[in-house]
Amino acid sequence: DTGVSQNPRHKITKRGQNVTFRCDPISEHNRLYWYRQTLGQGPEFLTYFQNEAQLEKSRLLSDRFSAERPKGSFSTLEIQRTEQGDSAMYLCASSPPGLLRSSYEQYFGPGTRLTVT
Amino acid sequence: DAKTTQPNSMESNEEEPVHLPCNHSTISGTDYIHWYRQLPSQGPEYVIHGLTSNVNNRMASLAIAEDRKSSTLILHRATLRDAAVYYCILRDVRIQGAQKLVFGQGTRLTINP
């Protein structure tokens with residue numbers, strides 16, 4: 001059983017460049033979430049997909065951020081024209097469908113650490 | 001989202017029980033109480049959740065006050081591996097738009113050998 005995987009694990013980029021992160025959820029998990037975590041803080045919600053539909057977006061997700069989940073499987077998070085304030089850990093999580101007890105859990109990946117210089 | 005209040009940090013000794021408190025005085029009747037933990041350099045990990053009754057699983061126990069305005073996560077016998085930040089989160093998964101987890105600052109638990 002493979003858990004949620006994220007690539008790359010680390011990314012260093014220069015201000016103004018575009019970056020893209022990938023998340024592969026646990027197979028058959030139809031719900032996928034992106035969070036951002038800065039040093040010393042708890043994770044903050046960015047966006048949520050159910051299958052391929054993006055059902056919720058945080059106000060933190062500015063116009064420079066876009067997330068997709070084209071086939072309801074893996075997801076990508078792109079940041080355009082990166083700024084130093086975008087430096088953070090980007091976490092992906094998934095959960096199974098329905099209202100079974102297990103669907104209440106979110107399974108997190110290891111995260112992608114972005115450093116913008 | 002209903003808010004929770006947790007101590008910033010706690011310290012305990014290895015092989016002793018740990019009681020991590022959480023106050024949620026504005027909890028609604030349909031809010032579930034979730035606990036997640038985050039070990040150093042890892043993503044958060046689900047620990048336990050409950051609604052009204054106390055809950056036990058292989059990782060921990062969750063004791064919920066009768067008025068539901070507070071809860072306590074109990075680690076029965078702490079190990080060094082339990083050193084982490086513990087988050088208490090309220091969530092009603094049945095509400096559209098309530099799928100997200102709203103993390104606070106959590107409690108940083110230190111375990112002394």
Some residue of the stretch A:58-73 being at the interface with another protein chain (Cβ under 10 Å from one of its Cβ atoms) and at pLDDT below 95: yes
Strands (runs of 3 or more DSSP E) wholly inside the stretch A:12-80 containing at least 3 residues that are more than 24 Å from A:TYR104 (Cα to Cα) and of a type in the set (Ser, Thr, Tyr): none
Selected residue [under 14 Å from B:PRO21 (Cβ atoms), in contact with a Leu (Cβ under 6 Å, 6 or more places away or on another chain) and modelled with pLDDT of 95 or more] from B:ALA60, B:ALA84: B:ALA60
Single residue of the stretch B:22-45 satisfying the filter (within 8 Å of chain A (Cβ to nearest Cβ) and farther than 19 Å from B:THR110 by Cα) that is farthest from the chain's Cα centre (by Cα): B:TYR32
Qualifying residue in the stretch A:66-79 (condition: without any contact (Cβ under 8 Å) to a residue 40 or more places away in the chain and either among the polar types (S, T, N, Q) or within 18 Å of B:PHE103 (Cα to Cα) (or both)): yes
Of all residues making up the stretch A:20-47, the number that are of a type in the set (Val, Ile, Thr) and crowded, with 19+ Cβ neighbours inside 10 Å: 1
Hey, A:GLN50 surrounded by 13 or more Cβ atoms within 10 Å (Cβ to Cβ), at pLDDT 95 or above and within 14 Å of chain B (Cβ to nearest Cβ) or not: no
The stretch A:106-117 residues that are more than 9 Å from every other protein chain (Cβ to nearest Cβ), paired with ones that are acidic (Asp, Glu) (beta carbon under 6 Å, 6 or more apart): A:VAL116/A:ASP86
Strands (runs of 3 or more DSSP E) contained in the stretch B:6-107 and holding at least 2 residues surrounded by fewer than 21 Cβ atoms within 10 Å (Cβ to Cβ) and out of contact with any helix residue (DSSP H, G or I) (no Cβ under 9 Å at 6 or more places or on another chain): B:9-13, B:18-23, B:45-50, B:61-64, B:70-75
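The values are calculated or read from the model by the stated rules, or taken from the named source; none is laboratory data. Since this is a predicted model, take the numbers as computed values, not measurements. Here the Cβ is made from the backbone with ideal geometry for all residues, glycine too, and neighbour counts use every protein chain on show.
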